[in-house]
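K.L.:
First, the structure itself, so that you have it in front of you.
Laboratory data are not the source of any read-out in this text; all were calculated from the coordinates shown. On a predicted model such as this, the values are computed, not experimentally measured, just so you know. All Cβ positions, even for glycine, are placed from backbone atoms using ideal geometry, and neighbour counts span all protein chains on display.
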Amino acid sequence: MYAAILAGGVGTRLWPRSRQAHPKQFSDITGSGRTMIQATVDRLEGLVPPDRIWVITGEAYSALAAQQLPALRAAQILAEPSGRNTAPAIGLACVHLAKQDPNAILAVLPADHVIPQRAAFQMALARAGEAAAAGYVVTLGIEPAFAHTGYGYIKRGAAATAAALPQSGSPVFCVERFLEKPDRLTAEGFLRDGGYYWNGGIFVFRVDVMLAEMKRQLPALFAHLQAIGSALGNADEAQVIARHWAQMQSVSIDVGIMEGAQRVAMTPLQAGWNDVGSWDALENVLQRDKDDNFIAQGNALSLESYGNIVFTDKRVVALIGVDDLVIVEEGDALLIGHKHQMQRVRDVVDQLRAQGREDLI
């Protein structure tokens, strides 16, 4: 098995820790001592060797990725000239890997997930690899913990069967359909009915199967990828990539491929998964202190204050009679807000951008 780690994006909702020059995947958000991309590589240990791991990131972050992942060669870090969403990024990894092994099994993993239960994660990924070897395009379905309205969902179908698919081990199901982010009542109905899973954006497939799906469903994108693949290793490789990349459609793998793929399967994942998309998500991955506060980093003193989330760079934070706040101090910025309003951090960044304060974002 090979792995492609998607490490693009800025993580706006985790401002001020996550910024354009140093986005969340290259930061330690949870206080673990490892950045999110380092933790993503760490949890592959024993399943995918370092020389089979690829990182797809923006050109601005390729040096940062190389610095944080010294076990990877420079050739294993693929730089996107610009953001084009997940289908082109995954396609870029596929054409590179196809040069080495067109039948290779490739696991695609976002760089910004928290998955504390490594053994359970590796078991699910290995099982997905078995289904991928049998020709399925596989996604890992996250067992839903509550009626989340910020994730897409996967509807489980019948058990997948194939002559080459072992019938022992974790279950593998056909995917009946993918569903967009639901409203609250719909999400509650999903949990009540059962058979629905969060779509965490983790995919496993044979490279030749994915490229065939791209050729069938996204022929224009596939033609650009083929041109890039033909230029790899040539003197004009960089120029060809830049020219064709600029013409590519910006489309997600979910919309462009997964929703219309011919053989899609899912294996459930129960490993404490969380995408930590905003500061309030930290209460799902951190331990509570004696006052039910969540201290990701730094020092906090609490007097009759409960349910707060604190991430401080240098200063001691003293809490007096306040509940359910998020306090993030990072360099030249301080964020204070109610933890149920953390989706609005994006609005703060938008306002700073409108004011021309690029130095803060």
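K.L.:
Quick query: amide H of V317 versus all other amide H atoms, modeled in the peptide plane; which residues come in under 5 Å with a sequence gap of 5 or more or a different chain?
P.N.:
N299, A300, L301
K.L.:
Next up: How long are the semi-axes of the equivalent ellipsoid of region 26-110, taking √(5λ) for every eigenvalue λ of the Cα gyration tensor, in whole Å from largest down?
P.N.:
21, 16, 12
K.L.:
If you count, for each residue, the other Cβ atoms within 10 Å and average over each peptide, how do 55-61, 85-91, 355-361, 29-35 line up from highest to lowest?
P.N.:
Order by mean packing, descending: 85-91, 55-61, 29-35, 355-361.
K.L.:
Continuing with the same structure: Note down, for the chain, the three equivalent ellipsoid semi-axes (square root of 5 times each alpha carbon gyration tensor eigenvalue), biggest first, whole angstrom.
P.N.:
Working through the eigenvalues yields semi-axes of 35, 26, 18 Å.
K.L.:
Beyond 23 Å, what share of the Cα-Cα pairs of region 185-272 is found? Please give it as a whole percent.
P.N.:
Beyond 23 Å sits 43 percent of the P(r) for region 185-272.
K.L.:
Output wanted: per-residue J couplings in Hz (rounded whole) for region 39-49, from phi through Karplus 6.51 cos²θ - 1.76 cosθ + 1.60, θ = phi - 60°, x for Gly and Pro.
P.N.:
For region 39-49, the Karplus-derived couplings read 5, 5, 5, 4, 6, 8, 4, x, 10, 10, x Hz, x marking Gly and Pro.
K.L.:
Pulled fully out, how much extra length does the chain show between A318 and R73, if you take 0.36 nm times their separation in residues and subtract their Cα-Cα distance?
P.N.:
Extra length available between A318 and R73 comes to 83.7 nm.
K.L.:
Relative to the Cα centre, what is the charge dipole magnitude of region 233-361, using +1 at the beta carbon of each Lys and Arg, -1 at the beta carbon of each Asp and Glu, and rounding to the nearest 20 debye?
P.N.:
With only Lys, Arg, Asp and Glu charged at Cβ, the dipole is about 220 debye.
K.L.:
Quick check on region 220-361: take the gyration tensor over C-alpha atoms, sort the square-rooted eigenvalues as a ≥ b ≥ c, and tell me if it's rounded (a/c under 1.5), prolate or oblate.
P.N.:
Prolate is the answer for region 220-361, as a/c is 1.5 or above and a/b outweighs b/c.
K.L.:
For region 28-78, evaluate the Debye formula with one uniform point scatterer on each Cα (no solvent term) and list log10 I(q)/I(0) at q = 0.17 Å⁻¹, rounded to two decimals.
P.N.:
With one equal scatterer per Cα and no solvent, log10 I(q)/I(0) is -0.50.
K.L.:
What residues qualify as long-range amide H neighbours of I77, i.e. H under 5 Å apart, gap of 5 or more or another chain, H built at 1.01 Å from N?
P.N.:
Close amide H contacts, sequence-distant or interchain: V55.
K.L.:
Here is a follow-up. Past 32 Å, Cα to Cα: identify those pairs from K99/K155; K155/K290; K181/K314; K24/K155, in the order given.
P.N.:
From K99/K155; K155/K290; K181/K314; K24/K155, over 32 Å: K99/K155; K155/K290; K181/K314.
K.L.:
Can I ask one more? Suppose each label sits 7 Å from its Cα in the direction of the beta carbon; what would the R357-D289 distance come out to in nanometres?
P.N.:
2.7 nm
K.L.:
Rounded to the nearest 5, what is the percent of antiparallel bridges among the DSSP beta bridges in the chain?
P.N.:
Antiparallel bridges make up about 45 percent of those DSSP assigns within the chain.
K.L.:
Highest mean first, how do 62-75, 301-314 rank when packing is the count of other Cβ atoms within 10 Å averaged over residues?
P.N.:
301-314, 62-75
K.L.:
Rank M123, Q355, N103 by how far each Cα sits towards the positive end of the charge dipole of the chain (+1 on Lys, Arg Cβ; -1 on Asp, Glu Cβ) and give me just the farthest.
P.N.:
N103
K.L.:
Next up: Only Lys, Arg, Asp and Glu count, each charged at its Cβ (+1, +1, -1, -1), so figure out the dipole size of the chain about its Cα centre, rounded to 20 debye.
P.N.:
720 debye
K.L.:
Just going by the charge dipole of the chain, with Lys and Arg at +1 and Asp and Glu at -1 on Cβ, which of G141, I228, L64 is farthest out on the positive end?
P.N.:
Looking along the dipole axis, the top candidate is I228.
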